[in-house]
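Asker: Take this structure first; my questions come after.
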Amino acid sequence: MIVDAVDLKLIRSLELNGSISVTETIGKVQANEEEILLRISNFEESGFIRSYGMKLFIPGILGGTWYWGCLACETEIAQRIEKIMPITEEIVQNLIIPSGVCPDRSFLFYSQNLKESYKLTNRLSGIKYAEVYKIDEYDVKVPRLLLKEHWQAIAALHNRLPKIDYQTIHRIVNKPETESEVMLSRLIWTKKNRKGVMTLLPNFDWSVIKNYLHLHVAVSTKLRTKELLRLVNRIGFSGNITGRFKKRYYQIEFELWDFRTCKLSSRLCRISDG
């Protein structure tokens with residue numbers, strides 16, 4: 001599958017929000033609603049979007065003080081870390097070359113005690129090194145009250161997810177046809193419905209895309225984060241820089257088109273020299 005700049009904007013919007021505000025997106029990608037929905041349909045037919053999953057906003061449902069955290073770890077053997085961190089939102093497996101400079105697995109999770117989550121992780125055999133970061137904090141005074149019929153509608157939708165397509169999601173969010181769909185439209189989080197407590201997100205198979213690469217590069221430098229970011233932008237890349245892993249390696253995220261790795265290699269040498 002070959003994607004273009006319009007596809008990438010749609011992919012990022014789906015990745016972040018689950019559903020797309022077509023009115024808002026039309027101005028950003030210069031495409032009409034029919035073309036936007038057709039492109040997403042092509043994602044599904046090509047296998048890039050394999051299926052859709054459901055994410056619940058735990059703080060909004062249970063209430064109280066919660067942290068949204070990231071666990072980055074270096075492992076020796078495969079571990080089901082999600083078993084001791086049951087409110088896991090996302091699991092990312094990374095291929096690291098050479099090993100040890102970046103985390104080989106990352107977890108996004110909800111917790112009411114980040115220190116305890118860190119302690120539980122380090123008790124697992126096979127964990128060589130782990131770091132826990134706070135991404136956000138929520139203090140929900142009044143949680144969203146979900147009745148029995150709400151949970152039944154959510155469960156029914158969850159059971160349909162293996163066969164659901166984006167056209168159906170788009171209709172439920174924007175033009176619900178049945179009483180059950182009206183209920184679901186009020187429960188699904190969107191930019192217009194910020195009281196929603198669940199999001200429907202696509203599961204991507206990135207290997208399907210042939211002309212795009214998302215790459216993390218680890219660098220060791222004396223430059224500060226802002227200085228490094230300015231340097232990255234100056235040499236022609238748009239990158240996101242995370243904190244130092246093991247207090248040594250900056251992780252720079254790149255989005256590359258056309259696999260121009262030779263230019264990437266020469267430019268990264270300038271960063272390392274800094």
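Asker: Just checking, does the stretch 5-22 include any residue being closer than 26 Å to residue 89 by Cβ, in contact with a Pro (Cβ under 6 Å, 6 or more places away or on another chain) and modelled with pLDDT of 85 or more?
Answerer: Checked the stretch 5-22: at least one residue is closer than 26 Å to residue 89 by Cβ, in contact with a Pro (Cβ under 6 Å, 6 or more places away or on another chain) and modelled with pLDDT of 85 or more.
Asker: Is there any pair with a first residue in the stretch 85-108 that is over 16 Å from residue 121 (Cα atoms) and a second that is open to solvent by less than 50 Å² (accessible area, probe 1.4 Å) and basic (Lys, Arg) whose Cβ atoms are under 6 Å apart and which are 6 or more apart or on different chains, and what are they?
Answerer: 93/105
Asker: Filter the helices (runs of 4 or more DSSP H) completely within the stretch 133-252 down to those with at least 1 residues that are more than 30 Å from residue 62 (Cα to Cα).
Answerer: Of the helices (runs of 4 or more DSSP H) lying wholly inside the stretch 133-252, those with at least 1 residues that are more than 30 Å from residue 62 (Cα to Cα) span 166-174, 225-234.
Asker: When you check residue 173 against the structure, is it in contact with a helix residue (DSSP H, G or I) (Cβ under 7 Å, 6 or more places away or on another chain) and among the aliphatic types (A, V, I, L, M), yes or no?
Answerer: Answer is yes for this residue.
Asker: Follow-up. Looking only at the stretch 38-69, which residues are β-branched (Val, Ile, Thr), open to solvent by less than 50 Å² (accessible area, probe 1.4 Å) and in a strand (DSSP E or B)?
Answerer: Passing the criteria: only 49.
Asker: Condition (residue is open to solvent by 20 Å² or more (accessible area, probe 1.4 Å), in contact (Cβ under 8 Å) with a residue 12 or more places away in the chain and closer than 17 Å to residue 19 by Cα) applied to the stretch 123-142: is it met by at least one residue?
Answerer: For the stretch 123-142, residues open to solvent by 20 Å² or more (accessible area, probe 1.4 Å), in contact (Cβ under 8 Å) with a residue 12 or more places away in the chain and closer than 17 Å to residue 19 by Cα: absent.
The values are calculated or read from the model by the stated rules, or taken from the named source; none is laboratory data. If you're wondering where the values come from, they're calculated on a predicted model, not measured in any experiment. For neighbour counting, all protein chains shown are included, and Cβ atoms are generated from backbone atoms with ideal geometry for every residue, glycine included. Heavy atoms of the whole protein, side chains included, go into the accessibility calculation; ligands, DNA and RNA do not. Shrake-Rupley method; radii C 1.70, N 1.55, O 1.52, S 1.80 Å.
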